[in-house]
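Okay, so here's the structure we're looking at.
None of the figures in this text is laboratory data; all of them are computed from the coordinates on show. This structure is a prediction, so every number in the text was calculated from the model and none was measured. Positions of Cβ are backbone-derived with ideal geometry, glycine not excepted, and every protein chain shown enters the neighbour counts.
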Amino acid sequence: MEAGRRRPRGRPPHTIGHLPTEIRKELDERIAKHEFGNYRELKRWLASNDCQIATVAVRHHALKLDDKIEAVRRATEQAQAVVEANGGDEADINHTLMRLVQEHLFTLLVELKGADLSEVNLAALARTVATLARASIAQQKFAAEMRTHILAAQRTVVEAEARGLTEAGAEQIKRILMQITI
């Protein structure tokens, strides 16, 4: 039974996965904000909402959720470090972030070796890898096109200079062409 689905009448849920959506959401918020003294307190709160969940299950869920929150925090810090290291250059940032995601996916795949693959959504993982590969190829193609446009603009200015264009005129054309191609 999925989280949030209706349970048989008269039977309180006994697992986190069977909690009603609104109760599960409130539980996750309490855990994320550390709005509880201990896991028994969360268990009592769940019981007051007609949910009979074992303290160990509440603890296990809280620890898993904390791990996810910590992973998001680390990823955010890494992304901020990438932005700062690249000085805001979007192409470099995107490339670096894709590499970071690829690295994490590779680590995940290595960790999955020997694991119970029935618990892993391999199709979603494969789609993610394929999407990253397409994004990387598109980014490389875009960079190559930009280099071609810049070289063409430079050739145009050189040819104009050879026909007698002043240095000031050449600089003005360069600025305009660079704005168009970038």
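Could you please rank R163, R59, placing first whichever residue has the fewest other Cβ atoms within 10 Å of its Cβ? Could the numbers behind the result be given before it?
On the way: R163 6, R59 15.
Ascending Cβ contact count within 10 Å gives the list R163, R59.
Taking R0 as 30 Å, what's the FRET efficiency between H60 and M98 from their Cβ-Cβ distance, rounded to 0.05? Spell out each step's value before the answer.
Details: r = 34 Å, r/R0 = 1.12.
Given R0 = 30 Å and the Cβ-Cβ separation, E is 0.35.
Just to be sure I understand the model, the point goes 7 Å from the Cα along the line to the Cβ. What's the resulting D67 to E171 distance in nm?
With each label point 7 Å from Cα toward Cβ, the separation is 6.1 nm.
Return L151, L132 ranked ascending by Cβ neighbour count within 10 Å, so the fewest neighbours appear first.
Numbers: L151 11, L132 15.
The order, fewest Cβ neighbours first, is L151, L132.
For an R0 of 41 angstrom, estimate the FRET efficiency from the Cβ-Cβ distance between A32 and S136 and round to the nearest 0.05. Write down the numbers at each step before the final one.
Working: r = 33 Å, r/R0 = 0.81.
About 0.80, to the nearest 0.05.
For labels at A124 and L109 in the simple 7 Å Cα→Cβ model, what's the distance in nm?
1.8
Taking the mean number of other Cβ atoms within 10 Å as a proxy for protection, how do you rank 134-145, 60-71, 16-27 from highest to lowest? Can you show the working numbers first?
Details: 134-145: 11.7, 60-71: 13.5, 16-27: 17.3.
Per-residue Cβ counts within 10 Å, averaged per peptide and sorted highest first, yield 16-27, 60-71, 134-145.
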